[in-house]
Amino acid sequence: MCLSPHWCVLCKGHEENADHLFLHCPFSLNLWWSLIREVKAIWVIPKDCFSLISTRLDALGKGKKALILWGCLGHSLLWNIWHERNRTIFDDYSGGSELEIWERVKFWAALWASITMAFKDYSYSYIVRDLVAAVL
Ligand SMILES: [Zn+2]
């Protein structure tokens, strides 16, 4: 089953499609829950990718910094899922730990946010250390 080109390489338990890979795969869900826990938000995982991109992502608040950081976190999470999938398929990679990937999600999100004007007075390390405090 794992050799099938249509099988999810992250969980090896479901056919791969965009909704499964980015939202409902147990691997991806754990990353989403890590994000939700970290920002102390209440958020329902969308039913599909269309709902994800058409939903205003404001779990960190409605301020400019909150929207930017939340956007960076969402994009970083999706990008890291895609990166992990491709490494597993093309690099014969057995996968990193959940914590390692979650740290990568935060790293890239904080780095991307830190180069925006809204975060010009904040260092990358400050943002990554406390995502919630960074948007206050
Ligand atoms: Zn899966």
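For segment 36-77, trypsin sites (Lys or Arg not before Pro) meeting the loop criterion (DSSP other than H, G, I, E, B) and having at most 11 other Cβ atoms within 10 Å: Lys40, Lys47, Arg56, Lys62.
Across the chain, Cα pairs under 8 Å and at least six residues apart give a relative contact order of 22 percent. The trypsin sites (Lys or Arg not before Pro) of segment 67-136 meeting both criteria, a DSSP state outside H, G, I, E and B (loop) and at most 10 other C-beta atoms within 10 angstrom of the site's C-beta, are Lys120. Near Thr116, once Lys and Arg are set to +1 and Asp and Glu to -1 for all other residues with Cβ below 12 Å from its Cβ, the sum equals +2. May I ask for the net charge around Leu131, where only other residues with Cβ less than 13 Å from the Cβ of Leu131 are counted and Lys, Arg are +1 while Asp, Glu are -1? Residues near Leu131 contribute +2 overall. Calculated over the chain, the projected area of the Cα convex hull averaged across directions stands at 8.2 nm².
Between Ser54 and Asp92, the distance separating the two model label sites (each 7 Å from Cα on the Cα→Cβ line) works out to 4.4 nm. For the chain, complete DSSP H runs whose alpha carbons reach 20 Å or more along their own long axis and whose mean Kyte-Doolittle score is 0.0 or higher are 64-90, 98-114. Given R0 = 35 Å, the distance between the Cβ atoms of His6 and Asp121 translates into a calculated FRET efficiency of 0.15. What separates the Cα centres of segment 72-136 and segment 25-51 is a distance of 15 Å.
Charged neighbours of Cys8, selected by a Cβ distance under 9 Å, balance to 0 (K, R count +1; D, E count -1).
Positive end of the dipole of the chain (Cβ unit charges, origin at the Cα centre): among Ser34, Ile101, Trp82, the Cα lying farthest that way belongs to Ser34.
All of the numbers you see were taken from the coordinates with simple rules; none came from a lab. Predicted model only: the values in this text are computed from it and were never measured. Don't worry about glycine lacking a Cβ; one is built from the backbone with ideal geometry, like all the others, and counts go over all protein chains shown.
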